[in-house]
2 protein chains.
Amino acid sequence: MTNKKISIKDIAKALGISITTVSFIINGKSKEKRISESMTKLVEDYVAKVGYRPNHLAQSLRSGKSKVIVFMVEDISNSFFSNIARLIEEKAYRNGYKIIYCSTENDTEKAIELITTFKNRNVDGFIITPTLGLESEIKSLISENFGVILFDRWIPSLECSHVIVENEKSCYDGTEHLILNGCKRIAFVTVESNQTQMKDRLSGYQKAIVVHGYRPLVFEEPFHTPSEAFVGDQIMDFLHMHKDIDAVFFATNYLAFEGLQAFRKMGKQIPEDYQVLSFDDHFFFGLYQPSISAIAQPIELIAERLMEGILHQLSDLEAIQNNKVVLPNKFIQRKSTFRIE
Amino acid sequence: MTNKKISIKDIAKALGISITTVSFIINGKSKEKRISESMTKLVEDYVAKVGYRPNHLAQSLRSGKSKVIVFMVEDISNSFFSNIARLIEEKAYRNGYKIIYCSTENDTEKAIELITTFKNRNVDGFIITPTLGLESEIKSLISENFGVILFDRWIPSLECSHVIVENEKSCYDGTEHLILNGCKRIAFVTVESNQTQMKDRLSGYQKAIVVHGYRPLVFEEPFHTPSEAFVGDQIMDFLHMHKDIDAVFFATNYLAFEGLQAFRKMGKQIPEDYQVLSFDDHFFFGLYQPSISAIAQPIELIAERLMEGILHQLSDLEAIQNNKVVLPNKFIQRKSTFRIE
DNA sequence: TTGAAAGCGGTACCAT
DNA sequence: ATGGTACCGCTTTCAA
């Protein structure tokens, strides 16, 4: 293993030719540059023999491109994000790109710091679940010609490509499903947030409720508290305060998990006491007894559109930086919701 | 926003001084190099004013160090790995390091390709869940002075630092727990694998069974099949074939999820028909009804030891590259296992 | 058809 | 105390 880092220079010296020639051949420009076949073969064979690997750092420094895309999400340990991460990664590799992941924890400061760091490493593009405070940062990314594409939520005041789902429509439909099932008092459990996806989900619920002549009943988790048990207790208090609730619609799956725990502590039965529906499917919902109806986001499609979008931007710098993709969700009917006869 | 990428050269020119001086000051070597205070202040103020950011790529190219650590796991969408990822990332940032994640899918080919790629990007270290085929690749990483630390499993024939858990002991204890509970016919459900962690778990089970005078009964998932439903069916067949089974010990949580589905399809009750225990806790186990007893790995500690280990290696190249850390797990008693009176 | 050489943005050695 | 400069490994223009 005398793997003493072979450089393009070493090759040139060993073969008694110039660096330029080696570079051209390595980069598959033999034809274009009209290098003789014999020379090409000579170099290619030698490269293969010594196992030469280009130093990507140097390539990036020189070319300004790194073939790296940053995948910056709220929390990489959240299954929704890590599943997309996995799919993105796969697609990226197939296209010669690497992915760097990082979690912002919805902390604008941290996000800005991360973006700055990666800009200084010449990454080519960013896939981001933005916080509102990121607007100007993202704007400058775009003006500096980085690829940028948002997902999960977006920033209305910003012209920037994104891939999101039909939050409002699906929540409208989900609420209506509960209403048509015969539920009279449907509570919506969400987190206090001014992010578009959460606002849209809430608004979908509210519209459906009002259209059908009912009154909205919303519980908002004050902040994204890390102490989960606490949230469960709050939900429990909320349910105690409103004895007439007959259905609960959760805006995210982790809220639903809290809720399920609360129901259990209270000795409540699903779906007899409460019909339950959650946004954002999770494989546990199928396993739980009773299984929980949910609105599933098209993870595979999201990943696909994201990669398509960013690769397009990266291959064509004149690409429209304002390609808005909105994908439909899928309602998954399980045992926690049913038509009351 | 005239952010036209300011370089150290621009600063030198603007201030009419040399690049060297600027570099020294930026790197906090004013004192050491005895730069005058006035000059230092001049430069520092200018740097702050124009918002200069060093190009990490160029730094890396020159210094050979990048302050990047690769976190290469089997599957980043697996909650065990993504939770550790999250913790690692946090610790890394606190120490000025960035983390690059990637999934090997237990594919040695892919892993080697990834390692090669990252070597060519001058990353400083690797945290890896290795496959056996990676032995020589890892050996050469070590000889090339990269920081390397394995976790989850290790390679016995290789001298390399690692952080693992007491797989054998915990599975021995877990099995004994079931035996002491009064179970007579305990099945062990695992995957066919020659990775150390899986072998150790199996062996812990077998030893306890034999010590107590019973016969082992093992179901091995033939391969890591992606079609999960299939696995559940196989488990079901297995259970049908052995009517006397009264407890099932799952070697991983995803196998347990399959098993739970199988139990449900078969109309079996936990813990009346089967006592159930799973290696590798999951928050869902606490939520499921009945809640499932599990052996929890100390995620937080694992992340901590990993970072300590690799940072130590990176700060001191003479560090012993053979620091083996073995952490204890925690048995979590829930409703799926109980002492038969 | 091939080669020389100028950088990319830094670091660090050696002068002065 | 400061500055000049070679160099990290590669791309790319221009010349031969």
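The values are calculated or read from the model by the stated rules, or taken from the named source; none is laboratory data. Owing to the predicted nature of the structure, the values given are computational and were not obtained by experimental measurement. Don't worry about glycine lacking a Cβ; one is built from the backbone with ideal geometry, like all the others, and counts go over all protein chains shown. We work out accessible area using only protein heavy atoms, side chains counted, and drop any ligands, DNA or RNA first. Shrake-Rupley method; radii C 1.70, N 1.55, O 1.52, S 1.80 Å.
Just a few scattered comments:
- Filtered residues of segment A:88-124 (kept if out of contact with any Phe, Trp or Tyr (no Cβ under 8 Å at 6 or more places or on another chain), under 21 Å from residue B:68 (Cα atoms) and assigned to a loop (DSSP other than H, G, I, E, B)): A:96, A:97, A:104, A:105, A:120, A:121, A:122
- Test for residue A:66: is it open to solvent by less than 10 Å² (accessible area, probe 1.4 Å), within 9 Å of chain B (Cβ to nearest Cβ) and within 16 Å of DNA strand D (Cβ to nearest atom): yes
- Taking the criterion of being under 16 Å from residue B:333 (Cα atoms) and under 20 Å from the mean Cα position of the chain (by Cα), no residue of segment B:172-193 qualifies.
- Test: residue in segment B:170-182 that is closer than 24 Å to residue B:303 by Cα and of a type in the set (A, V, I, L, M): no
- Residues of segment A:12-35 satisfying the condition of being among the polar types (S, T, N, Q) and either at pLDDT below 90 or not in a helix (DSSP H, G or I) (or both): A:18, A:27, A:30
- Residue match in segment A:85-96 (condition: within 7 Å of chain B (Cβ to nearest Cβ), surrounded by 23 or more Cβ atoms within 10 Å (Cβ to Cβ) and either within 18 Å of residue A:163 (Cβ to Cβ) or within 13 Å of DNA strand D (Cβ to nearest atom) (or both)): yes
- Candidate set: segment A:265-277, residues that are without any contact (Cβ under 8 Å) to a residue 60 or more places away in the chain and more than 13 Å from chain B (Cβ to nearest Cβ); chosen: the one farthest from residue A:166 (Cα to Cα): A:266
- Within the option set B:60, B:79, being within 30 Å of residue B:254 (Cβ to Cβ), at pLDDT 90 or above, open to solvent by less than 50 Å² (accessible area, probe 1.4 Å) and at the interface with chain A (Cβ under 7 Å from one of its Cβ atoms) holds for one residue only, B:79.
- In the set (1) away from DNA strand C (no atom under 16 Å from the Cβ); (2) open to solvent by less than 40 Å² (accessible area, probe 1.4 Å); (3) within 22 Å of residue A:14 (Cα to Cα); (4) outside any loop (DSSP other than H, G, I, E, B), the condition left unmet by residue A:52 is number (4).
- Test result for residue A:146, open to solvent by 10 Å² or more (accessible area, probe 1.4 Å), among the aromatic types (Phe, Trp, Tyr) and within 16 Å of DNA strand C (Cβ to nearest atom): yes
- Pairs, first touching a residue at least 24 places away in the same chain (Cβ under 8 Å) in segment B:8-28, second within 7 Å of DNA strand D (Cβ to nearest atom) and in a helix (DSSP H, G or I), C-beta under 7 Å, six or more apart: B:8/B:19
- Inside segment A:106-122, residues that are within 11 Å of chain B (Cβ to nearest Cβ) and either surrounded by fewer than 23 Cβ atoms within 10 Å (Cβ to Cβ) or of a type in the set (D, E, K, R) (or both) make up a count of 9.
- The lone criterion from (1) in contact with a helix residue (DSSP H, G or I) (Cβ under 8 Å, 6 or more places away or on another chain); (2) at the interface with chain B (Cβ under 9 Å from one of its Cβ atoms); (3) within 19 Å of residue A:118 (Cβ to Cβ) left unmet by residue A:55 is number (3).
- Annotation: of all residues in segment A:1-38 being in contact with a Ser or Thr (Cβ under 7 Å, 6 or more places away or on another chain) and either among the hydrophobic types (A, V, I, L, M, F, W, C) or open to solvent by 80 Å² or more (accessible area, probe 1.4 Å) (or both), the one that is nearest to DNA strand C (Cβ to nearest atom) is A:35.
- When residue A:45 is tested against (1) within 15 Å of DNA strand C (Cβ to nearest atom); (2) touching an Asp or Glu at 6+ places or on another chain (Cβ under 7 Å), only condition (2) is not met.
- Filter pass, residue A:73 being aliphatic (A, V, I, L, M) and either more than 13 Å from DNA strand D (Cβ to nearest atom) or within 11 Å of chain B (Cβ to nearest Cβ) (or both): yes
- Some residue of segment A:302-318 being under 26 Å from residue A:196 (Cβ atoms), free of Cβ contacts under 8 Å to residues at least 24 places away in the same chain and in contact with a helix residue (DSSP H, G or I) (Cβ under 9 Å, 6 or more places away or on another chain): yes
- Scanning segment B:44-63 for residues that are over 37 Å from the mean Cα position of the chain (by Cα) and either among the aromatic types (Phe, Trp, Tyr) or within 9 Å of DNA strand D (Cβ to nearest atom) (or both) yields one hit, B:46.
- Restricting attention to segment A:181-211, the residues being assigned to a strand (DSSP E or B) and within 25 Å of residue A:156 (Cα to Cα) number 4.
- When the criteria are applied in full, residue A:133 fails the requirement of being away from every other protein chain (no Cβ under 14 Å), surrounded by fewer than 18 Cβ atoms within 10 Å (Cβ to Cβ) and in contact (Cβ under 8 Å) with a residue 60 or more places away in the chain.
- Options B:170, B:103, B:140, B:157; residue that is within 11 Å of another protein chain (Cβ to nearest Cβ) and surrounded by fewer than 23 Cβ atoms within 10 Å (Cβ to Cβ): B:140
- Of the residues making up segment B:125-145, those that are touching a helix residue (DSSP H, G or I) at 6+ places or on another chain (Cβ under 7 Å) and either assigned to a loop (DSSP other than H, G, I, E, B) or not assigned by TED's automatic domain parsing to the domain that holds residue B:113 (or both) are B:130, B:131.
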